[in-house]
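Enquirer: Please find one structure pasted underneath; my questions will follow.
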Amino acid sequence: MEKLAETKYDIHELLKGRWSPRAFSTRSVEPEKLFSLFEAARWSPSGGNSQPWSFVVTTSDQPEHEKLVEALAGFNKVWAKNVPVLILAVARPNPERPGSEAYAYYDLGQSVAHMSIQAEAVGLQVHQMGGFDRDQVRELFEIPESFKPLTVIAIGYSGRVEDLPEPLQEREVQTRTRKPLSEFVFGGHWDLPIEPTAEELLLAGSPDGK
Ligand SMILES: Cc1cc2nc3c(=O)[nH]c(=O)nc-3n(C[C@H](O)[C@H](O)[C@H](O)COP(=O)(O)O)c2cc1C
């Protein structure tokens, strides 16, 4: 299923096409494609090139996969159990640099953003989840205390909406919404919207600027 972003300004089709489905097929993911996602994550920027990310991968043929599903919260447990690949995304703040947590979280998120767009490029879908028991997964994968599990990421091919339980079917087909740019893009001063008016855009597009 497609749920293209409705944009006011043109953006790349991969950005437009990415969304977070809950209906996944059980079809397994080719290793070549899966590893292209990690390659994309690998080449994302990070503070001081610290690359503070790690990913623990489970596939549906492994007992750890089921255990990871058990650690998911509420509805996540329901829809994610059929997803062929689940990944735990882990940040590594530098213990020698107090305050580096924020950068590690920022960088991990950015690497997953790269991963999501690469997934879109190879026909895969991604759904990130913050709803899971962090202590349970720390224990499951024996993750040292200094590393922070942040999200579980579902990866696979698009599935059938009809296979989801009722309340999730409804959410699956809901329109995707976003705040307008004027609410978060400011010019030169906090809370001062900067977006050009339609008239200004027209003028900028005309050859003599008039
Ligand atoms: C950090 C993070 C945590 C999220 N946690 C969950 C979650 O636990 N369960 C879920 O169904 N979706 C989760 N989502 C998906 C968001 O709800 C989704 O990205 C948002 O509604 C925008 O929809 P879109 O990705 O389709 O554009 C999460 C997304 C992010 C980035």
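Enquirer: What do you reckon, is Val83 in a loop (DSSP other than H, G, I, E, B) and either surrounded by 19 or more Cβ atoms within 10 Å (Cβ to Cβ) or in contact with a strand residue (DSSP E or B) (Cβ under 7 Å, 6 or more places away or on another chain) (or both)? It would help to see each step written out before you state the result.
Expert: Values: in a loop (DSSP other than H, G, I, E, B): yes; either surrounded by 19 or more Cβ atoms within 10 Å (Cβ to Cβ) or in contact with a strand residue (DSSP E or B) (Cβ under 7 Å, 6 or more places away or on another chain) (or both): yes.
Yes, satisfied.
Enquirer: Would a scan of region 182-199 turn up a residue that is in contact (Cβ under 8 Å) with a residue 60 or more places away in the chain, open to solvent by 100 Å² or more (accessible area, probe 1.4 Å) and of a type outside the set (Asp, Glu)?
Expert: Within region 182-199, not a single residue is in contact (Cβ under 8 Å) with a residue 60 or more places away in the chain, open to solvent by 100 Å² or more (accessible area, probe 1.4 Å) and of a type outside the set (Asp, Glu).
Enquirer: Kindly indicate whether Gln128 is open to solvent by 70 Å² or more (accessible area, probe 1.4 Å), near the ligand (Cβ under 10 Å from one of its atoms), of a type outside the set (A, V, I, L, M, F, W, C) and not in a loop (DSSP other than H, G, I, E, B). Steps first, answer last, please.
Expert: Details: open to solvent by 70 Å² or more (accessible area, probe 1.4 Å): yes; near the ligand (Cβ under 10 Å from one of its atoms): yes; of a type outside the set (A, V, I, L, M, F, W, C): yes; not in a loop (DSSP other than H, G, I, E, B): yes.
For Gln128, the condition - open to solvent by 70 Å² or more (accessible area, probe 1.4 Å), near the ligand (Cβ under 10 Å from one of its atoms), of a type outside the set (A, V, I, L, M, F, W, C) and not in a loop (DSSP other than H, G, I, E, B) - is met.
Enquirer: Could you run through region 141-164 and say how many residues are open to solvent by 50 Å² or more (accessible area, probe 1.4 Å) and not in a strand (DSSP E or B)?
Expert: Within region 141-164, residues that are open to solvent by 50 Å² or more (accessible area, probe 1.4 Å) and not in a strand (DSSP E or B) number 8.
Enquirer: Please specify each residue of region 131-140 satisfying the condition of being crowded, with 18+ Cβ neighbours inside 10 Å and touching a residue at least 40 places away in the same chain (Cβ under 8 Å).
Expert: Quick first cut of region 131-140, residues crowded, with 18+ Cβ neighbours inside 10 Å only: 132, 137-138, 140.
Result: Phe132, Val137, Leu140.
The values are calculated or read from the model by the stated rules, or taken from the named source; none is laboratory data. Please read these numbers as outputs of a predicted model, since none were measured by experiment. Counting neighbours? That spans all protein chains shown, and the Cβs are built from the backbone with ideal geometry, glycine included. Quick note on the areas: whole protein, heavy atoms, side chains included, nothing else; ligands and nucleic acids left out. Shrake-Rupley method; radii C 1.70, N 1.55, O 1.52, S 1.80 Å.
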